[in-house]
Amino acid sequence: MSRTPERIELSSRRDFFGHLFSAGALVLAAQVIPSRIFAKDVADYSNAAWKPNVFLGLETDGSVIIIAHRSEMGTGIRTALPMVVADELGADWSRVRVEQGLADEKYGSQDTDGSCSIRDFYAIMRAAGATGRLMLERAAAAQWNVPATECSAKDHSVIHTASGRKLAFGDLVAAASQLPAPKKEELVLKPKDEFRYIGKGVPSVDLNDIVVGKGTFGFDAHLPGMVYASIERPPVLGGKLKSVDDSKVKSVRGVLETVRLDEAQAPFGMQALGGVAVIATNTWAAVQGRKKLKIEWESGPHAVFDSGAYKQYLLETAKKPGKVVRQSGDVDAEFAKGGKVVEATYYTPLLSHVPMEPPAALAHARDDGKLEIWTATQDPQEAQRTIAKALGIPKEDVICHVTLLGGGFGRKSMPDYCAEAAILSKKLGKPVKVSWTREEDIHFDYYHSTSGIYAKATLDSTGRPTAWLQRSVFPPISSTSKDGDVYGGAGELGMGFTDLPFDLPNFRAENGPAPAHVRIGWLRSVANVYHAFALQSFVDECANAAGRDPIEYWLDVLGSPRTIEGRGRMAKLHPFDTGRLRNVVNLVAEKSDWANKKPSKGRALGFAAHRSFLSYVAAVVEVNVDANGKLTIPRVDVAVDCGQVIHPDRVHAQFEGAAVFGTSIAMMGEITAADGRIQQSNFNDYPVARINDAPFKTYVHLVESDALPTGVGEPGVPPIAPAICNAIFAATGKRIRELPVKRTKLV
C-alpha cells in the first residue's frame, strides 16, 4: 500500500515537536541523558503540553506521548521501550501515544543494532517515567497541601493514599510543568511487584496498522512530484565506468533521464557505490530502463576474487601460526607430550542479509539547503552523517524520518542507499525515491564474513582437554572503513572466540590475516555465527572422541561456576557468570528430555550453548534424516537467561525467529563469487528456510531473573547451526565441518 502524499509533511525539526504536542509546548530539562534546554514558546502554562524529558510528554487532556528513538523492524522495540516509561509513570497504556523520533543526538545512540536497545536504555526509560511520576505527585501534593510521599501515581491519576482523593494526569499538567525537574538521586523506581507492563507486555503499537496494511515501510514513502531511480552499479567492488550507451533507455515509457554517479573510493565505508541512475515516473519504468543501459566497466583489483580459491586460502591460513590474541599455560609443551589428539578445520561462507524489504529511501533536497529523507534505517544518525558528508552540508541540516523496517538484520545500519537518494535529489532538484530490487540487495550487500577456523586439542584419560589451540581467519568488518585491515578487531574476536568460557589449563587463540574483496558488515549475531559453529562443533567432536555424553562432557569442560574477567563498562555491569551458562544448559537438557531421547537411525538430538550480547543461551535440536537424505527438524528447545524480561511475547518471538534464521544459515545460505562478481541473485539461488525447512516446533524456556536485562535479538542464532550439525552427526555419523549443510550428502 503506497503512502499518500498528505501523510508526509515537509517539516523543520522545530515543526516536528509542534506536531507531537499542542501549540506552545513547554519544554523542561531533566538530567536523564545529557540534556538540552529548549525555548519556552509561550507564557500561558495552562494550555501548554509538558515534556519533563526528551522521551516523555503529557497533554492537558491527559494524553501521554512517548518518543520511540529506536527503529522498529519486528523486534517490538517501539513498544517495549515506551512500555517501560509508561509503567514507571503510572500511565494507562490505552492513553499512551508512541511517536517515532527524528534522528537527533539528544536521544543518545539511535543505532538499533547489537541487541542493545533494552540493555542500554532500560534504566534511562525507567528514569524518564519516574521523573514524570514524581513531578505529578509533587504537583498533586501541593494542591492538597500534603507531603508528596503520601501521593502515588497509578492508572493515569495521582491518589492521596490517606484520603483517597484523586487527580487525573491532565489536571496536573499545568502545575507540574512549573516545577523544577527532580535530581536523579530523588527518583524512586517501582519495585518489581508493582510492575503493570514490565515482564507482562502489551500488544505491539504497530500491530493493527501492519495487519490491515496501513503500516508505512520504506517502500511506502511518497511525496508530491517525486521521481523514481534505479541504479546500475559496478558489478565488482571498486569498479569504474569505462563507457555508457543510454540511447535506448528513453524508449521505455516513463523514463525521464539518466544520471551518472561518482564512483566510490576505497575505503568504501557507507558511501554510495556509484554507477548510472535511470530516472522515471515509476519504479517499473526505472528498472526496465536500467536493463537497456549498455555499460562497459573497468573491474579493478577485486576482480581476482574467487570464492572457491579464497576458501582454500582461509583454510590453509588457519593451519599456520597466527597473531596470538589470548593464551594461558603452555599449549606447545602439552602437545609435545603426545596423547590423544583431536583436530579439525571448519568453514563458513559469505552470507547475505536478504531482509524481506530490500533497501529503500526517499530524499528531498529542499530549497533552504536542508535534506529531508524518509527511510527504513536502523541508524538514522549514521544516515545523517553519511548524507551530510556526501552533500557537503552540516549533519544538522539532514532531517531523517524513520519508517517501519521490513527486516534489517544489520544491513540497514549501512545507509549507502540513503546517500544515493540524497545525491540524486540534490542533482535533480526534486524528491527522489531509490528502491533496491532483490537482485541488487544480494549483489551489493555488506556481506557477513566468510571464515576458516582450525582447532586442536589433546585429551587426558577422562577425555578432558589438557591443551586447546584455536585459530580464526576472516576478512574483518573494519576492512570496509579502513583499507588494508586484515586482522579481526577485539569486538569480533570477543564474540565466542577469545571469550571461550571453558576451564582449560593450556589455551591459545590466534587470528590469521584475510584481505577483503567485498564490503563486509554485521549480520545478526555477527562473528558469533562462525565462532560458535566451529567451537561448539569441536567440543562435540572431543566428547565423541572421549566416548562421553555431549552435554555431560560440555559441562565438565566448562568447569565449576566462576566469573570470567572481562573489559569495559559492560563487563562491570554484566560479568560473564559461567554458573548462569551452566544453568541454561541444565534447563534445556531437562526441557528437551535429553537423557531419555537416545539416537536412533536417522533421528537424534544435538546440543550447543553460547553466550553472546551478554545473554546465556543453550539449544537442543532434534533432526530426522530419511533414507533419501532429506533432513527435517521436528523440534528445537532453547533455554535463555537474558536477565529481567521486559516483554515476554517479543522475547519468545525473537528466539523462535532465531531458530529459523539459524536454520537458514546452517542448511542453505551461501554467497559465492567468480571474477569478483557475486553469483547469487534471488531466493532461487540464495534460499532461506521456508515452512517445510524450518523447525516444526520451537520451545523457548525463559529463566526467571532479577539481573539487568541483556540482548535478545541476536543471541538465539549462534547455537542453532552447531546444534543442528551435532544432531546430524549423532543421527548419521556424518560430521559437518563446512556450511551450508546442503554441500554434504547425508546418506
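Does ALA721 fit the bill of being out of contact with any helix residue (DSSP H, G or I) (no Cβ under 9 Å at 6 or more places or on another chain), outside any loop (DSSP other than H, G, I, E, B) and either open to solvent by 40 Å² or more (accessible area, probe 1.4 Å) or modelled with pLDDT of 95 or more (or both)?
Taking the combined requirement at face value, the residue does not satisfy it.
In the stretch 233-265, which residue that is in contact with a Gly (Cβ under 6 Å, 6 or more places away or on another chain) and small (Gly, Ala, Ser) is farthest from ASP483 (Cα to Cα)?
Only one residue fits best here, namely GLY239.
Of the residues PRO634, PRO715, which is assigned to a strand (DSSP E or B), at pLDDT 95 or above and open to solvent by less than 40 Å² (accessible area, probe 1.4 Å)? Give the derivation first.
On the way: PRO715 fails: assigned to a strand (DSSP E or B).
None of the others qualify; the one that does is PRO634.
How about the stretch 588-626: which of its residues are at pLDDT 95 or above and surrounded by fewer than 16 Cβ atoms within 10 Å (Cβ to Cβ)?
GLU590, ASP593, ALA595, ASN596, LYS597, ASP626, listed by residue number.
If we keep just the residues of the stretch 404-436 that are of a type in the set (D, E, K, R) and open to solvent by 10 Å² or more (accessible area, probe 1.4 Å), which is farthest from THR75 (Cα to Cα)?
Initially, the stretch 404-436 is screened for residues of a type in the set (D, E, K, R), giving 411-412, 416, 420, 426-427, 430, 433.
Now narrow it down to the ones that are open to solvent by 10 Å² or more (accessible area, probe 1.4 Å): 426-427, 430, 433.
Values: LYS426: 34, LYS427: 36, LYS430: 34, LYS433: 26 Å.
Across the stretch 404-436, the extreme among qualifying residues is LYS427.
Please go through the stretch 200-229 and pick out each residue that is open to solvent by less than 50 Å² (accessible area, probe 1.4 Å) and over 27 Å from the mean Cα position of the chain (by Cα).
Correct list: LEU223, MET226, VAL227, TYR228, ALA229.
So which residues in the stretch 502-514 are in a loop (DSSP other than H, G, I, E, B) and crowded, with 24+ Cβ neighbours inside 10 Å?
ALA514
Going by what's in this entry, would ALA309 be described as free of Cβ contacts under 8 Å to residues at least 12 places away in the same chain, in a helix (DSSP H, G or I) and of a type in the set (A, V, I, L, M, F, W, C)?
The answer is yes for ALA309.
Answer with yes or no whether GLY662 is assigned to a helix (DSSP H, G or I) and over 28 Å from VAL84 (Cβ atoms).
Yes: the conditions hold for GLY662.
I want to confirm something. Restricting to the stretch 136-162 and keeping residues that are in a helix (DSSP H, G or I) and in contact (Cβ under 8 Å) with a residue 40 or more places away in the chain, which single residue is surrounded by the most Cβ atoms within 10 Å (Cβ to Cβ)?
Ranking the qualifying residues of the stretch 136-162, first place goes to LEU136.
Pairs, please: C-beta under 8 Å, at least 6 apart or cross-chain, first residue over 19 Å from VAL623 (Cβ atoms) and in the stretch 649-667, second at pLDDT 95 or above and assigned to a helix (DSSP H, G or I)?
Qualifying pairs under 8 Å: ARG650/THR79; ARG650/ALA80.
Considering HIS517, HIS531, which residue is within 30 Å of PRO415 (Cα to Cα) and open to solvent by less than 10 Å² (accessible area, probe 1.4 Å)?
HIS531
Go through the stretch 448-477 residue by residue and tally those that are among the hydroxyl-bearing types (Ser, Thr, Tyr), in contact (Cβ under 8 Å) with a residue 60 or more places away in the chain and surrounded by fewer than 24 Cβ atoms within 10 Å (Cβ to Cβ).
Number satisfying all stated conditions: 3.
Pick from the stretch 665-681 the residues that are outside any helix (DSSP H, G or I) and open to solvent by less than 10 Å² (accessible area, probe 1.4 Å): which of them is modelled with the lowest pLDDT?
Taking the stretch 665-681 first, the residues outside any helix (DSSP H, G or I) are 668-681.
Filter again for open to solvent by less than 10 Å² (accessible area, probe 1.4 Å), leaving 669, 671, 673, 676.
Working: GLY669: 88, ILE671: 98, ALA673: 98, GLY676: 98.
Looking at residues that are outside any helix (DSSP H, G or I) and open to solvent by less than 10 Å² (accessible area, probe 1.4 Å), I get GLY669.
Report the residue count in the stretch 115-125 for those that are open to solvent by less than 30 Å² (accessible area, probe 1.4 Å) and either in contact with a strand residue (DSSP E or B) (Cβ under 8 Å, 6 or more places away or on another chain) or closer than 12 Å to VAL188 by Cα (or both).
1
Go through the stretch 422-478 and give me each residue that's acidic (Asp, Glu) and either in contact with a Phe, Trp or Tyr (Cβ under 8 Å, 6 or more places away or on another chain) or closer than 18 Å to THR375 by Cα (or both). Working first, answer last.
Of all residues in the stretch 422-478, those acidic (Asp, Glu) come to 439-441, 445, 460.
Matches in the stretch 422-478: GLU440, ASP441, ASP445.
Hey, can you tell me all the residues within the stretch 101-113 that are touching a helix residue (DSSP H, G or I) at 6+ places or on another chain (Cβ under 9 Å) and open to solvent by less than 20 Å² (accessible area, probe 1.4 Å)?
Step one: list which residues in the stretch 101-113 are touching a helix residue (DSSP H, G or I) at 6+ places or on another chain (Cβ under 9 Å), which gives 101-105, 107-113.
Selection gives GLY101, LEU102, ALA103, ASP104, TYR107, GLN110, THR112.
Specify which of the listed residues (ASP61, ASP92) is modelled with pLDDT under 95 and either open to solvent by 20 Å² or more (accessible area, probe 1.4 Å) or under 26 Å from the mean Cα position of the chain (by Cα) (or both).
The unique qualifying residue is ASP61.
Which one is surrounded by the fewest Cβ atoms within 10 Å (Cβ to Cβ) among residues in the stretch 230-263 that are under 17 Å from THR283 (Cβ atoms) and polar (S, T, N, Q)?
THR258
Select from the stretch 71-102 the residues that are assigned to a loop (DSSP other than H, G, I, E, B) and out of contact with any Lys or Arg (no Cβ under 7 Å at 6 or more places or on another chain) and list them in ascending order.
SER71, MET73, GLY74, ALA91, ASP92, GLY101 - these are the residues of the stretch 71-102 that are assigned to a loop (DSSP other than H, G, I, E, B) and out of contact with any Lys or Arg (no Cβ under 7 Å at 6 or more places or on another chain).
I need every pair where a residue in the stretch 246-273 that is under 26 Å from GLY521 (Cβ atoms) has its Cβ under 8 Å from the Cβ of a residue that is basic (Lys, Arg) and surrounded by 20 or more Cβ atoms within 10 Å (Cβ to Cβ), sequence separation at least 6 or different chains.
From residues that are under 26 Å from GLY521 (Cβ atoms), the pairs are PHE268/ARG519; LEU273/ARG233.
Give the residues of the stretch 426-455 that are closer than 15 Å to ALA221 by Cα and either of a type in the set (Gly, Ala, Ser) or assigned to a helix (DSSP H, G or I) (or both), sorted by residue number.
If the condition is that a residue be closer than 15 Å to ALA221 by Cα and either of a type in the set (Gly, Ala, Ser) or assigned to a helix (DSSP H, G or I) (or both), then SER435 is the only one that fits.
The values are calculated or read from the model by the stated rules, or taken from the named source; none is laboratory data. This structure is a prediction, so every number in the text was calculated from the model and none was measured. With ideal geometry, Cβ positions are generated from the backbone for all residues, glycine too; neighbour counts draw on all protein chains shown. With ligands, DNA and RNA removed, areas are computed over all heavy atoms of the protein, side chains included. Shrake-Rupley method; radii C 1.70, N 1.55, O 1.52, S 1.80 Å.
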